Number of protein chains: 4
Amino acid sequence: MTATQDTITALLSGPDQSGLVAKVSGWIFDRDGNIIHADQHRDMEAEVFFQRIEWTPAPDGLDPVSEIAAFRDYAASLNMNVECKLSSERSKVAVFVSKYDHCFHELFLGQRSGELNCEIVCVISNHEDLAEVTKSYGVPFVHVPVSKANKPQAEQKQLELLREYDVDLLVMARYMQILSDEFLCGFGKPVINIHHSFLPAFAGGRPYHQAHNRGVKLIGATAHYATPVLDDGPIIQQDVDRVSHRHTVKDLVVRGRMLERHVLAQAVRWHLENRVLVYGRKTVVFD
Amino acid sequence: MTATQDTITALLSGPDQSGLVAKVSGWIFDRDGNIIHADQHRDMEAEVFFQRIEWTPAPDGLDPVSEIAAFRDYAASLNMNVECKLSSERSKVAVFVSKYDHCFHELFLGQRSGELNCEIVCVISNHEDLAEVTKSYGVPFVHVPVSKANKPQAEQKQLELLREYDVDLLVMARYMQILSDEFLCGFGKPVINIHHSFLPAFAGGRPYHQAHNRGVKLIGATAHYATPVLDDGPIIQQDVDRVSHRHTVKDLVVRGRMLERHVLAQAVRWHLENRVLVYGRKTVVFD
Amino acid sequence: MTATQDTITALLSGPDQSGLVAKVSGWIFDRDGNIIHADQHRDMEAEVFFQRIEWTPAPDGLDPVSEIAAFRDYAASLNMNVECKLSSERSKVAVFVSKYDHCFHELFLGQRSGELNCEIVCVISNHEDLAEVTKSYGVPFVHVPVSKANKPQAEQKQLELLREYDVDLLVMARYMQILSDEFLCGFGKPVINIHHSFLPAFAGGRPYHQAHNRGVKLIGATAHYATPVLDDGPIIQQDVDRVSHRHTVKDLVVRGRMLERHVLAQAVRWHLENRVLVYGRKTVVFD
Amino acid sequence: MTATQDTITALLSGPDQSGLVAKVSGWIFDRDGNIIHADQHRDMEAEVFFQRIEWTPAPDGLDPVSEIAAFRDYAASLNMNVECKLSSERSKVAVFVSKYDHCFHELFLGQRSGELNCEIVCVISNHEDLAEVTKSYGVPFVHVPVSKANKPQAEQKQLELLREYDVDLLVMARYMQILSDEFLCGFGKPVINIHHSFLPAFAGGRPYHQAHNRGVKLIGATAHYATPVLDDGPIIQQDVDRVSHRHTVKDLVVRGRMLERHVLAQAVRWHLENRVLVYGRKTVVFD
């Protein structure tokens, strides 16, 4: 009974072709599904088609999991990639942190208030500072120290933990270590990072110092998928806040916290709602 | 040859029913049309369906005007209201002004740069101040003085002019007179007004004075369709700008000009691109 | 030694008169104080002068408390009101809450991260929902149920608690009760409230419902000092976020939480940093 | 009589020292001047002091020009640099343009509406497109073609024109040529440029193409003083606007026009109001 109230969200992408909107909506309609939302985009230059479509399958039809399987087959027959998600499905999220706790708390508060439809299954840190507060949220905390010498072993340990907790999404909540290519490939699932600048400006270390030195009038934050190239992954969300000559580097750090929290939480929310399609070095966000 | 590159944009609305997305896109696909954009919205409470769909009709099919007629018939068979527009069609716009010229210039510059796909066919004013500059834009200017005593006659004169110039859209670019119900009914076409506050705050006269007295920290501007109730029509676009105790009423007036220009131009652009559906006291804007 | 690193912040206001800037800075200079910041404002119409001035008193001069007393006397001789605060002084804050916890957590996180230079001395609620989490922050929680029948007694109890905890500032973090005139007078200290609309639009109950009905394109939040007239007190800070026809009332509620948190925390921070002067129904915020 | 209503605005900067606020305000007070605004800033690291102070000199004192000379002497005695301006003084502005006219019109409209307190004395362009419309504004237009071969001669010609028109400020309103070091040194007065990105991101050519390729979620514009290093001068003002995957490069170009106009006009206004102090590679803007 509750299962039949579930909606299915599909993210489709692939080579543009005539009649895709009609075909996909026709398939759902023919099976007595009810389309709730449908949004599509065409990249005219690259001739790629993108669609996010959300529907309630027929109450007396297949169970949702089988319906998803059938839709996947249909999408394949159209030569389209597809990611499907049931509304009742809660992704399992791991959080990587160091010492800064503002993004960390934002994720927990968002999860508890229902804005982030997920389960936070573990927190992994290279420091012990946030052990207590993580436990007060009722979530396991694992301390994995990272040094130049032990980095490969530490990443191996992290990968094992991510597998053990069956993690769907890794969020770097101001985690102050760079993840290696081996780690990213080994994990093989999405990783969202928050960088405290308006990328591509001020990539790399100490972006608030860089911003202060350059005398910019706005500071920014960027949430992006992590890729092997530092601060270069597909951007999901960005925002800025106005600053002036009066702000010291320390002021920028404090002022930037709200931005970082807001931008990271928004990006994670969109990801969890199956709204983000990666596409080369860019994203399509159906918000 | 050029006609076949035209796209058709349709704005549909009506009682929600199963399969609308599939049916409409199927109709276009069956006639070898190519959907460029499609966006839809459902008001779950009111059970109303809204759609904006843009497509290129088949090059070897009907001419676009006949295709639009066929689509209208199809929409009627689905019990949907529809507004169609060809991309090559340029709406005829009349501008009502008084003495302030910032919104007036914005419209002309937007029209000339191609952002506003329209033809400005006449400027009508209750003052003579902008006669010269209107003529320098190559557009006829008509002075229709308005007083308490002559208002009905003045509005009659205005209506005649709007009919004579075959106007599709009237834009009140800080026109400092209230249009009567008779005028609005008599014209029978859309009227866009810019109000210099964040409605519903500070409706009526002297909104910057009201804002200054209340000590708000943001000032706003609102573009809306004019209805018989002053400053109460469906809102198309709003924006705000930050102010502080340092700003005098005069500062708010100056600072607000950029807001008013931006918000009005945006609303007119959306209207001209057939993106706005009025719906009760609200709008659906497919941007 | 540490005391000499303290700075004094003074907020002055009073009838405008010639030479005030020179006199006040001269007084500090003559006593070997070092002015760090000075900001002033003149209301030309009302002929009122406002100043915020921050300085380090001479290391070998009076202790800061005596220096403040001396400055108060000097300000009185100029016929100016003055509020002084030492940078080492941490205000005692009480938080009133009901069931919503987003503003509540924001205040605690802000306090812990150092953005809000205060001590949260107690949380008082008409519900028991937040008892546990308050205690996990190490702060006393007092449940004071409020009904139509017991309101005077409940407010009496609240006033006793505020006195007992020697509270300097009361923050209503989405507290869903109206405070009576008697309560506000009895407390006699500042009360900051967060209202979930862009005041003066949508004062009173259910502002997100009102906003949804009106079809506005931006939602807002307003932090203001509470006065006997509901949602009418001097505004400290406001902000807005963009919404569209796609947002249901529930979406507005979720989207508004970030706004409410941000706006309330900012207002409380400015108040704690002695940056806000109330002035009739308005504020001067030296940010 | 009118001269006595003039105010003097001084921008001071120099090595920080004790008592500067008191000394400067004391000097003005002793001569019966009336301080209207005073704003100061200290760079704690560099130990530099900055002040903008605006006052009405005593009606029965020296004429304003002599008063300014006296103030200059006083500032020199304090070892401070100073720029003074009378409120009745209108700077002479030259505008460099190519073919894009949105920033060009913005400057003229701002000048005519009084937001930009200046006189536009000439328009110089490497193309002839804007000759007619410049003349319709009643301002001389000079066509100075620029090619790789003739650039030194063209710049020589431009410098002569700037001298002939006694220009105080040069504004590059989307002028599509790089000014040489020789030109900038030869002119020796401030040059404001608008760059159509959020610098330091996307410096150099075709920034909207760069932004589109990178998939940023915000586009920006930056007004800065031109220096020999391209797009590297001290930033006066920046702003951004939200974009999405739906925007083509052409959409970014259109959307960016409003940003460019707004940001450039704001920067020019601040400069004309003597609000901007250059300081290394940065600016202090007393807004």
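The values are calculated or read from the model by the stated rules, or taken from the named source; none is laboratory data. Everything quoted here is computed from the prediction, not taken from an experiment. Cβ: placed from backbone, ideal geometry, glycine included. Neighbour counts: every protein chain shown.
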Next on the checklist: For the structure I just gave you, tell me whether C:Ala70 is away from chain D (no Cβ under 14 Å), buried (at least 17 other Cβ atoms within 10 Å of the Cβ), of a type outside the set (Ser, Thr, Tyr) and in a helix (DSSP H, G or I).
Outcome noted: no
Next on the checklist: For the stretch D:39-49, which positions are more than 8 Å from chain C (Cβ to nearest Cβ) and either in a loop (DSSP other than H, G, I, E, B) or of a type outside the set (D, E, K, R) (or both)?
Outcome noted: D:His41, D:Met44, D:Glu45, D:Ala46, D:Glu47, D:Val48, D:Phe49
Next on the checklist: For the stretch C:1-38, give me each residue that is assigned to a strand (DSSP E or B), out of contact with any Ser or Thr (no Cβ under 8 Å at 6 or more places or on another chain) and either crowded, with 19+ Cβ neighbours inside 10 Å or of a type in the set (Ser, Thr, Tyr) (or both).
Outcome noted: C:Ala10, C:Leu11, C:Leu12, C:Ser13
Checklist outcome for this item: Here the residues within the stretch A:197-212 that are out of contact with any Leu (no Cβ under 8 Å at 6 or more places or on another chain) and either among the acidic types (Asp, Glu) or more than 8 Å from chain D (Cβ to nearest Cβ) (or both) are A:Ser197, A:Gly205, A:Arg206, A:Pro207, A:His209, A:Gln210
Next on the checklist: When you check D:Ala154 against the structure, is it within 18 Å of the chain's Cα centre (by Cα) and either touching a residue at least 24 places away in the same chain (Cβ under 8 Å) or at negative phi (or both), yes or no?
Outcome noted: no
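This table checks each residue for (1) farther than 26 Å from C:Phe286 by Cα; (2) in contact with a strand residue (DSSP E or B) (Cβ under 8 Å, 6 or more places away or on another chain); (3) β-branched (Val, Ile, Thr).
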site: B:Ile194; (1), (2), (3): yes, yes, yes
site: B:Pro228; (1), (2), (3): yes, no, no
site: B:Ser244; (1), (2), (3): no, yes, no
site: B:Val253; (1), (2), (3): no, no, yes
site: B:Val268; (1), (2), (3): yes, yes, yes
site: B:His271; (1), (2), (3): yes, yes, no
site: B:Arg275; (1), (2), (3): yes, yes, no
site: B:Val284; (1), (2), (3): yes, yes, yes
Next on the checklist: Let me confirm something: among C:Ile219, C:Ile178, C:Ile236, which residue is in contact with a Leu (Cβ under 7 Å, 6 or more places away or on another chain), within 14 Å of another protein chain (Cβ to nearest Cβ) and β-branched (Val, Ile, Thr)?
Outcome noted: C:Ile219
Item to check | Matching option when the condition is β-branched (Val, Ile, Thr) and not in a strand (DSSP E or B), among B:Val82, B:Val142, B:Val133, B:Val95 | outcome: B:Val133
Checklist outcome for this item: Reported set for the stretch D:181-204 where residues are part of a loop (DSSP other than H, G, I, E, B) and not hydrophobic (A, V, I, L, M, F, W, C) is D:Gly188, D:Lys189, D:Pro190, D:His196, D:Ser197, D:Pro200, D:Gly204
Next on the checklist: Between D:Phe96, D:Phe108, which is closer than 30 Å to D:Met258 by Cβ and either within 14 Å of another protein chain (Cβ to nearest Cβ) or among the β-branched types (Val, Ile, Thr) (or both)?
Outcome noted: D:Phe108
Item to check | Of residues in the stretch B:255-266 being in contact with a strand residue (DSSP E or B) (Cβ under 7 Å, 6 or more places away or on another chain) and more than 14 Å from chain C (Cβ to nearest Cβ), the one surrounded by the most Cβ atoms within 10 Å (Cβ to Cβ) | outcome: B:Glu260
Checklist entry - Which one of D:Ser136, D:Ser125 is in contact with a Ser or Thr (Cβ under 8 Å, 6 or more places away or on another chain), surrounded by fewer than 17 Cβ atoms within 10 Å (Cβ to Cβ) and either more than 24 Å from D:Gly205 (Cα to Cα) or in the same structural domain as D:Gly256 (by TED's automatic domain parsing) (or both)? => result D:Ser136
Item to check | Tally, over the stretch D:4-23, of residues that are within 11 Å of chain C (Cβ to nearest Cβ) and under 26 Å from the mean Cα position of the chain (by Cα) | outcome: 1
Item to check | Residues being within 24 Å of the chain's Cα centre (by Cα) and either over 27 Å from A:Gln266 (Cβ atoms) or within 8 Å of another protein chain (Cβ to nearest Cβ) (or both) - total across the stretch D:239-252 | outcome: 2
Checklist outcome for this item: A:Ser98 fails exactly one of (1) modelled with pLDDT of 95 or more; (2) within 17 Å of the chain's Cα centre (by Cα); (3) within 19 Å of A:Ala223 (Cβ to Cβ), namely (2)
Next on the checklist: Would you confirm whether or not the stretch B:49-59 contains a residue that is of a type in the set (Ser, Thr, Tyr) and more than 26 Å from the chain's Cα centre (by Cα)?
Outcome noted: no
Checklist entry - Restricted to the stretch D:198-252, and to residues that are acidic (Asp, Glu) and closer than 27 Å to A:Val276 by Cα, which residue is surrounded by the most Cβ atoms within 10 Å (Cβ to Cβ)? => result D:Asp239
Checklist outcome for this item: Counting only residues that are more than 10 Å from chain C (Cβ to nearest Cβ), touching a residue at least 40 places away in the same chain (Cβ under 8 Å) and touching a Leu at 6+ places or on another chain (Cβ under 9 Å), the stretch B:222-232 contains a total of 3
